[in-house]
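Each remark here refers to the structure printed beneath this line.
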Amino acid sequence: MKDTIRQGFAYHADLVERMAATQGLNLTEELEAGRISFTGLDDAVHRCMQCSDPEGCQLWLDNHEGGSHSSPEICQNRGLFKRLG
C-alpha cells in the first residue's frame, strides 16, 4: 500500500510540476525566491490528488506542450498558478 501511495503522490507531483511549467513557472525557482514553501507545494500536490479528472489533466497537458497562459478551469491549483504567474 505504501508504494501505491508513493506512486500516486509522485504522479500528481509530476502533474503539478508540468502544469506550472506549461505556464512558464519553475517551481524550484519559486521555492528559492520564497514565493511558495515546501508546505505550499505539498498542499498543491494533495489538491491535485483530489481532482476528479487527472486523466483529463494529462490530456490537456499533452495538448498544451507549447505553453498556456492559464490552467484549465478544473485545475485545483489554478489560483496558486495565477498568483505565482
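Laboratory data are not the source of any read-out in this text; all were calculated from the coordinates shown. Being a predicted model, the structure only gives us computed values, none of them experimental. Glycine also receives a Cβ, built like all others from the backbone with ideal geometry; neighbour counts cover every protein chain displayed.
Considering only residues of segment 1-44 that are without any contact (Cβ under 8 Å) to a residue 24 or more places away in the chain and under 21 Å from Ser68 (Cα atoms), which is surrounded by the most Cβ atoms within 10 Å (Cβ to Cβ)?
Just the residues of segment 1-44 that are without any contact (Cβ under 8 Å) to a residue 24 or more places away in the chain, to begin with: 1-7, 10, 14, 17, 21, 26-29, 31-34, 37-39, 42-43.
Those still in the list that are under 21 Å from Ser68 (Cα atoms) too: 14, 17, 21, 26-29.
Numbers: Asp14: 14, Glu17: 17, Ala21: 14, Asn26: 13, Leu27: 20, Thr28: 11, Glu29: 11.
Ranking the candidates gives Leu27 first.
Conditions (1) charged (D, E, K, R); (2) in a helix (DSSP H, G or I), marked per residue:
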residue: Gln58; (1), (2): no, yes
residue: Asp62; (1), (2): yes, yes
residue: Gly67; (1), (2): no, no
residue: Ser70; (1), (2): no, no
residue: Gln76; (1), (2): no, no
residue: Phe81; (1), (2): no, yes
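For segment 17-38, which residues satisfy the criterion of being among the hydrophobic types (A, V, I, L, M, F, W, C) and within 13 Å of Leu84 (Cα to Cα)?
Of everything in segment 17-38, those that are among the hydrophobic types (A, V, I, L, M, F, W, C) and within 13 Å of Leu84 (Cα to Cα) turn out to be Met19, Ala20, Ala21, Leu25, Leu27, Leu31, Ala33, Ile36.
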